[in-house]
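Here is the structure we will look at.
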Amino acid sequence: MKKKTQSILILLIFFILFAIILGSLWGYTALTAMKKITPQEVYPAVSEGFSLLQYCGEMDAEDSILLRDGQYYIDLTFINENFAGEAFFYQDGGEEVIYTNANTILNFTCGETGMVKNGVQMEGEVWFVRQGQRIYMRMDEARDMFGLDWIENKEYNIISVQALQGQKGVCAVEGTYLKAYPQSGDFIDSIMGHREGFQYYRQIALGETLYRLGEAGGYAQVLTQDGLVGYIQEDAVQEWQEYSMEVPAQPEVEIPEERRVQGKIVMAWHQDYTGRFDASTAELFSNASGIANVISPTWLKFQDNGEVQCLANRDYIDWAHGEGYQVWPLFDNDFEDEKTMAVLQDTEKRQALARELAALCQEYGFDGINVDFEGISTQTGPFFVQFMRELSAVLRPAGYSLSVDCYVPKPWTEHYRRDILGRVADYVIIMGYDEHYAGSEEAGSVASKTFVADGIADTLAQVPAEKTVLGVPFFTRLWTTVESQDGSTTLETEAMGMERALDLAEENGGEMVWRDEIGQYYVEYKMGNNLCQIWLEEERSTQIRLDMAKENGLAGVAAWKIGLERASVWREFQEYVQ
């Protein structure tokens, strides 16, 4: 037993001595191996005439800060994406820059002084310059517009742009190193050849203010007051506090009380290419009276020269206002992408078009404009979105509403940028139909329950519910599979109103079968060897869509088009608005 105790004691003494030796070696290594380095040894290099941009812990070596004539200029794309909410419109390699907010359009030319503000020439400094294919914005102007602030380190040629909000604290531990890497500098690392944990830029003074950028490897990534970015131990700052930079207020525009739609929107599109008004027009809306509150007649056409063909009728407008309707004429591009691109890519024509629409609102007493540009390509998309920005800036400050029609979101319609449209327009109207259309390769519903539900959900991911309106169909389609003598088949289709579709089903002995998965009645029948199919639209299918709009808190609904509905369907709308 005595020998066993002696063995344990000897083993314990051995471990204690080993720990003392190991600790001494670690302490010696840590004290003697800490190596001070410069940021240039770690930070990426930049070209001559440029400074390194640091933002939120990321180092941008892509020549993002330009020094010209004693002034710092910053990459416009950086400002547009991080501070301006994509309010700048420009093309790489171009000379033109346009800034648009709620009530202002500013036109700039790179390298030139001044600007054109809402069509009026203004004096001023050079705001933008171009270097190669990139456009740069003067940083002083970015500070005045968006609250941009930065820390300049001339010694190491670094510009650190501060985030508008974040956390900051003060160093509370003496001997804190600003390390180059989020790694420890322990003995094991040293003997394994990993030296990064011993490299530092400088010591942090007690009480020095630090801005927290993130966390890595158990270390806090920080920005110092002299513009260096590195890592400190988490416990070096006892408490991090939230901060927010002072940001200049951006203008906001509200539609006047007399032009606001009270309650839920119930809009009816009126397909009218005549501009006439008579008793038949009033009769068309008789069932909607007291229920619908907005009419959108198809009066405004986009012409090749960029001007507007207007079919507005003052008697119609006076009648509508007398009946309590607002009038938002539809402005469309006839699905002609090439014509649309030709006009919208021309700044002068595009901005003149926006001003002409505002002038028509004033001349005829419109309450707003409904924009319906369909079939535009990805190339046209950015110019369309800029047109909507500019139209908003001239229309809404004058007191007129702006709505825009959009497809149910699909990957091939992303260039419509619903996120931006949701900011600049009063309402984004989901065209919740044409799931199957004239060019479809298979027969199917115009607007199945799942199609509409997905369209709402995907739109709400980009547009606030209070700005979203659901478009519902008053029409359906007859699909006929025509069988030829050789056995081959072709698919034909015809759009029609609710009553006619129901009449066809009854006349041809078709049995109406409710299909819960699509939220519609389905009917089929034979005409000789041809198969006829209809996914019917009526009160029950309409009610399902109105319930979706209500359940999702949408601003309202819009129906395409007045005159194709059954009279009794308006009872569903009556319940919806109550």
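The values are calculated or read from the model by the stated rules, or taken from the named source; none is laboratory data. Treat the numbers as computed from the prediction; the structure is a model and nothing was measured. Cβ atoms come from the backbone with ideal geometry, glycine included; neighbour counts cover every protein chain shown. When the accessible area is computed, the model is the full protein with side chains, heavy atoms only, and any ligands, DNA or RNA have been set aside. Shrake-Rupley method; radii C 1.70, N 1.55, O 1.52, S 1.80 Å.
Using each residue's phi in segment 202-209, evaluate 6.51 cos²θ - 1.76 cosθ + 1.60 at θ = phi - 60° and report the 3J(HN,Hα) Karplus result to the nearest Hz, with x for Gly and Pro.
3J(HN,Hα) across segment 202-209, in whole Hz: 5, 7, 8, 6, 4, x, 6, 7.
Which peptide among 150-157, 370-377 comes first, and what is the full order, when sorted by highest mean count of other Cβ atoms within 10 Å?
370-377, 150-157
Distance from the Cα centre of segment 214-237 to that of segment 478-502, in angstrom?
Between the Cα centres of segment 214-237 and segment 478-502 lies a distance of 69 Å.
Report the Cα centroid-to-centroid distance between segment 258-302 and segment 453-472 in angstrom, as an integer.
With segment 258-302 and segment 453-472 each reduced to a Cα centre, they are spaced 23 Å.
Pop the C-beta distance of Gln121 and Glu551 into the FRET formula with R0 = 60 Å and round what comes out to the nearest 0.05. Can you show the working numbers first?
Numbers: r = 52 Å, r/R0 = 0.86.
The computed FRET efficiency comes out at 0.70.
How big is the accessible area of Arg389 in square angstrom, nearest 10, if you roll a 1.4 angstrom probe over the protein chains?
So the heavy atoms of Arg389 present about 20 Å² to solvent.
Full extension from Thr489 to Ser377: what is 0.36 nm times the residue separation minus their Cα-Cα distance, to one decimal in nm?
Taking Thr489 through Ser377 to full extension adds about 37.1 nm, to one decimal.
Tell me the chymotrypsin sites (Phe, Trp or Tyr not before Pro) within segment 242-291 that lie in a loop according to DSSP and have at most 10 other beta-carbon atoms within 10 Å.
Details: sites: Tyr243, Trp269, Tyr273, Phe277, Phe285; in loops: Tyr273, Phe277, Phe285.
The qualifying sites are Tyr273.
Roughly speaking, what is the stretch gain from Ala457 to Asp318, that is 0.36 nm per residue apart minus the C-alpha to C-alpha distance, in nm to one decimal?
On the way: separation 139, 0.36 × 139 = 50.04 nm, distance 3.78 nm.
Answer, rounded to one decimal: 46.3 nm.
How high is the relative contact order of the chain, in percent, with contacts defined as C-alpha pairs under 8 Å that are six or more residues apart?
Reported relative contact order: 10 percent.
For Met245, enumerate residues with amide H under 5 Å from its amide H, sequence gap 5+ or separate chain, H modeled in the peptide plane.
Gln165
Quick one: Karplus J couplings for segment 239-251, per residue in order, coefficients 6.51, -1.76, 1.60, θ = phi - 60°, nearest Hz, x for Gly and Pro?
3J(HN,Hα) across segment 239-251, in whole Hz: 8, 9, 10, 6, 9, 9, 6, 6, 10, x, 5, 8, x.
Excluding same-chain residues fewer than 8 positions from Lys349, which aspartates and glutamates have a Cα within less than 14 Å of its Cα?
Cross-link targets: Asp304, Glu307, Glu390.
Return the calculated 222 nm mean residue ellipticity for the chain, to the nearest 500 deg cm²/dmol, obtained by summing -39500 (n - 2.57) across DSSP H runs with n ≥ 4 and dividing by the residue count.
-8500 deg cm²/dmol
Enumerate the amide H contacts of Gly556 below 5 Å, restricted to partners 5 or more residues apart or on another chain; note that Pro and chain-start residues carry no placed amide H.
Counting only residues 5 or more places away or on other chains, the set is Ile265, Leu470.
Tell me the angle of helix 2-33 to the major Cα principal axis of the chain, expressed in degrees between 0 and 90 and rounded to the nearest ten.
70 degrees
Going Cα to Cα from Lys264, which lysines come in below 17 Å? Please leave out same-chain ones fewer than 8 positions away.
Lys467, Lys550
For Ile255 and Asn529, what does the FRET efficiency come to when R0 = 51 Å and r is the distance between their Cβ atoms, rounded to the nearest 0.05?
Details: r = 57 Å, r/R0 = 1.12.
For R0 = 51 Å, the calculated efficiency reads 0.35.
For the chain, compute the orientation-averaged projected area of the C-alpha convex hull (one quarter of its surface), in nm².
Averaging across all directions leaves 43.5 nm² for the Cα convex hull.
Under 14 Å from the Cβ of Ala461, count the other residues' Cβ atoms, weight Lys and Arg +1, Asp and Glu -1, and hand me the total.
Summing Lys and Arg as +1 and Asp and Glu as -1 gives 0.
Sorted by accessible area with a 1.4 angstrom probe, largest first, how do Asp318, Asp272, Asp69 fall? The partial results should precede the final answer.
Values: Asp318 100, Asp272 10, Asp69 145 Å².
Accessible-area ranking of Asp318, Asp272, Asp69, largest first: Asp69, Asp318, Asp272.
Give the angle, between 0 and 90 degrees and rounded to the nearest 10, that separates the Cα long axis of helix 381-395 from the longest principal axis of the Cα atoms of the chain.
Result, in degrees: 80.
Net charge within 12 Å of Ile291 by Cβ-Cβ distance, Lys/Arg positive one each and Asp/Glu negative one each, not counting Ile291 itself?
Net local charge, Ile291 excluded: -2.
So for Thr378, Thr493, what's the accessible-area order with a 1.4 Å probe, most first?
The ordering from most to least exposed comes out as Thr378, Thr493.
Just add up the charged neighbours of Gln167: K/R +1, D/E -1, any other residue whose Cβ is under 13 Å from the Cβ of Gln167.
-2
Nearest 10 degrees is fine. How inclined is helix 498-507 to the longest principal axis of the chain, computing both from alpha carbons?
60 degrees
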